[in-house]
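Have a look at the structure below, then the notes.
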Amino acid sequence: MKRLISSPILLCAAFIAMAPFSASMATAEETVSAAPIATDNAKDIKQVSNVALKVLDKDCPNLVQPFSYADNFKSLSKFTLAEVTDKASNLVQGIFGAKPAAGTAANPDEIPDSLKLAAKQLNWLPMEGEVAYGQHLHEQETAILDRDSRLGKKYYPIADAMLAELLGKLTEPTEYKFQLFILKNSTRNAVARPGGFLYLDQGLLEKDEYRDKAYFAMAHEIAHVLQRHETRELQSMAVDSFTAKKDLVETLPKLKSDPALLLDHVKMGKDIYTQHNVDQELQADSCATRLLARLYPAPKLASTLQGFIGDLPPVDETVSATDTTVPKTQADKLISLTQDIVSTPMHRHPNSKERKENLDKMYRDITTPAK
Amino acid sequence: MKISSLSLLTALLLSSPGHCDDCVGLYRQAAQKTAVTTIGKIQAMWSDLTSTKCGSLRTVSTQILGREREARTQLEDKKPFDPVAAQANFEEAIKDDVVKSKLEEGKSIEDEDMRTLYEAAVFDAEGFYGARDLVVRQLQQKVGMQPSK
C-alpha cells in the first residue's frame, strides 16, 4: 500500500478512495443530474505554475470551480496525454480505477514535475474532508456573535437575507452548504473558510451606509469558497509534503475517521508562509462582481463596487515612487534586490490601486454589450 | 469563606442573561485556580472555556492572551487599532444604562485586573467593541503582554 501511494498523484486517489463511498456516489450523481456536461467541465490546463497558488483565470469565467472528481481527473488525463510521457499517462489511468502499470508508481522520482503541478491545480480533496477542515478552523474562532443574543437577533436576519439573496442568483450547481456567522468586530472585514463557512464583521451590518460594502464582502467570500482557494492550497501542501514527510504517509489512512487530524497537520506547515495571495484576492473580487451583476442593474452594481472601493485605504504613492528607482551600481542593485526579497511578503493582499483597476475592468467587461 | 475575585468574576459573568447552565462547571473549576499572575489566571480559565457559551469571557480572554487566529481569506488586511474611535466608543458605552448597571455589579471584584477583564467582557456582550478593544489593550500593556494589532 505504501508503495502504491508513494506518489502525489496516487495520494489524490487515496484521498478519494477514503471518502465515504455513498457520499461520493451521491456527489457524482447530483453533479451529473444538475449539469450533464461533465466533459465540458474538464479544465484545459494549458500551463502549470511553479507557484502552486497561482490562479489561471483571474477574470473569473466560472463562478463555481468544477468539483466532480470525474471532471477533475478528466482534466488531469487530458493534460497528461498532451504533456507528459506514456509512463505518467499510465499512472493517471491507475487513478481512474485500473491498476497502475507495473513499475510506474513505485518511485516518486519517475513522476514528471509538470504532472505534480497539474495535480495541485485540480480539486480532488473530498467535500467531507474540506468541510471537516473548515469545521476544525471554525471551532477555533472565538469572536462569533451568538444568534440568540440581543445583538444576534438584530443582525443575523439582515445577514441571512443578504446571503439568501446572493445565493439565489447562483444558478450553477454547487455542493456547498454555506454557514454564515457574524464576528464581534466593529471593523468592516469578512472572512471565508473552507467548506462554506462565511464570516462578516458586525461593523458591516450596523449602518446602512456600509450595506453596499457588506454585499460585496459577502459575494467576495462566497467566491473564495466556490473557487476553493484555501482548499487548493491545502491540496498543494499535501502533494508537496507527502514525499517529504513520512509521518504524513503514516497518518493518511486516518483521514476517513479523523480528517481534521491530517488536514490540520498539513496546514500547520503552511501557516508559516501563507498569508494572502494577490491573484486569489483579485479573482475573488472579479467573481464577486460577476455574482453581484446578477443581482443588480448596472447603476446599482457601480454603487455597490464603489461602496467597497471607497472603504479601501488610500493608495500610498510613495511606494510606486520608490519602486521605480533604478539602482545605479551593481552593489546598489544587489542591495535593492535583497531588500525587495526581505520586505515583500510572498503572498499579500492586492493594494487599493490594483483592486480598483481590476474592479473597473470587470465592471466594463460586464456592462459593455458584446459586439 | 472569602470568595476569590476570579470566582466572583466568573460568577458575575455566569449570572448574566444568556449564560447557561453548562458554565457552572467552569465556575467550580475557576474557583480552584491557584495561579498567581493575571495572565496565569486567565490562561487557567481560558483552557476551560471550550464551550460556545460564556462567549464574551472567551472572546476577551483570547484577545488578551493573543490567541486569535487570523484567517487567510480575509476581504482586506486588518486595519490598525484606532485609539480615537475606540475612546469615543468607550465614552458612549459607559453612558449606556445596561453597561452602567453591569459595571456597577463588577465593582465588587477585588482584583483590579480581573475587574478590567470583566469590564471588557461587558463591553463585548453589549456590542461596544471599540471600548472592549481599548480596555483589552490597556490590560495587555499593564501585564506586559504585546498589545493586539
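Some values worked out for this structure:
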read-out: Zone of B:GLN43's modelled label, taken as backbone nitrogen in the range B:128-149 under 14 Å from a point 7 Å along Cα→Cβ; value: B:144-146
read-out: Cα-projected label distance for A:GLN140 with A:LYS361, points at 7 Å along beta-carbon direction, nm; value: 3.4
read-out: Packing-based exposure ordering (other Cβ within 10 Å, fewest first) of B:LYS102, A:LYS213, A:LYS207, A:LYS300; value: A:LYS207, A:LYS300, B:LYS102, A:LYS213
read-out: Mean projected area (nm²) of the alpha-carbon convex hull when the range B:92-137 is viewed from all directions; value: 2.8
read-out: Packing-based exposure ordering (other Cβ within 10 Å, fewest first) of B:ASP77, B:ASP124, A:ASP208; value: A:ASP208, B:ASP77, B:ASP124
read-out: Residue exposure sequence - A:PHE197, B:PHE123 - by fewest surrounding Cβ within 10 Å; value: A:PHE197, B:PHE123
read-out: Over the range A:276-318, equivalent-ellipsoid semi-axes from the Cα gyration tensor in Å; value: 22, 15, 6
read-out: Computed lengthening from A:ASP148 to A:ALA370, 0.36 nm per intervening residue step minus Cα-Cα distance; value: 75.1 nm
read-out: Simple label model, 7 Å out from Cα along Cβ direction - B:SER108 to A:LYS300, nm; value: 5.3
read-out: Flagged links, alpha-carbon separation over 23 Å, of A:LYS207/A:LYS353; A:LYS154/B:LYS95; A:LYS184/B:LYS107; value: A:LYS207/A:LYS353; A:LYS184/B:LYS107
read-out: Two-decimal ratio, the range A:191-240, of alpha-carbon radius of gyration to 2.2 N^0.38 Å; value: 1.40
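Every number here is computed from the coordinates shown, using simple stated rules; none is lab data. Predicted model, so just to flag it, every value in this text is computed and none were measured. For neighbour counting, all protein chains shown are included, and Cβ atoms are generated from backbone atoms with ideal geometry for every residue, glycine included.
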